[in-house]
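Participant: Got a structure for you, questions after.
None of the figures in this text is laboratory data; all of them are computed from the coordinates on show. Not measured: the values here are computed from a predicted model. When we count neighbours, we look across all protein chains shown, and the Cβ atoms used for this are built from the backbone with ideal geometry, even at glycine.
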Amino acid sequence: MKHYTLLIISLLLSACGGGGEGSSSTEAVSTTVTQTPTTSTPPPETTPPDTSVETETMADLTIAPQFDLSSKIELNIDVDLNMGDSRAYLNICLKGDDNKADYDQCLLRAPLKQSKLTSTVMLANSALELVAEVWFYDSQNEPLRFEWQYDGEQSAVFTIR
């Protein structure tokens, strides 16, 4: 029964048709087209450009032996502040737009033991500028700020003195 009702409704809708708005009478419009003879000049002959350039394939690529296709950089961190046994904390973060440390993108957060720390972190190629801040637990000392920028060397070292 459902199919029968659906069939009748669809036939009624398609039989009514779309039709547009406006009156039902149509006016006859006559148009006359006159054709004027034209003289055509043939276009000048052009020769196609030489497209016989040899395409390179992956096998044709050459890579220098020192290029290891790595997108990571190993950064050695060497901190020695020679401040004795004062307690301090180190933050190494990416440099933000305001040239300050971006605390949402820190790579290393660690306490200093006797003002020293040795560590290694892996950097992505996008981390080319870092900011290190040494915060002291006592409020008498202002935080120390150091900057580092990748210079393209294979062995990168961030020395904080």
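Participant: Using a 7 Å offset from Cα along Cα-Cβ at Ser86, what residues in the stretch 100-131 end up with backbone N under 19 Å from the label point?
Facilitator: Within reach of a label on Ser86, which here means backbone N under 19 Å from a point 7 Å along Cα→Cβ, the stretch 100-131 contributes 110-118.
Participant: Let me ask something additional. Do you know the relative contact order of the stretch 115-161, to the nearest whole percent, from alpha carbon pairs under 8 angstrom that are 6+ apart?
Facilitator: Answer for the stretch 115-161 is 29 percent.
Participant: So, one more: Show me the GluC sites (Glu not before Pro) within the stretch 86-154 that DSSP assigns to loop and that have at most 16 other Cβ atoms within 10 Å of their Cβ.
Facilitator: Glu153
Participant: Between beta-carbons, use under 12 Å as the cut-off and find the net charge around Lys116, counting Lys and Arg +1, Asp and Glu -1.
Facilitator: Summing Lys and Arg as +1 and Asp and Glu as -1 gives -1.
Participant: Let me ask another. Name the chymotrypsin sites (Phe, Trp or Tyr not before Pro) in the stretch 63-135 that are in a loop by DSSP and that have at most 10 other C-beta atoms within 10 Å, would you?
Facilitator: Here the chymotrypsin sites (Phe, Trp or Tyr not before Pro) that fit, given the DSSP loop and packing criteria, are Phe67.
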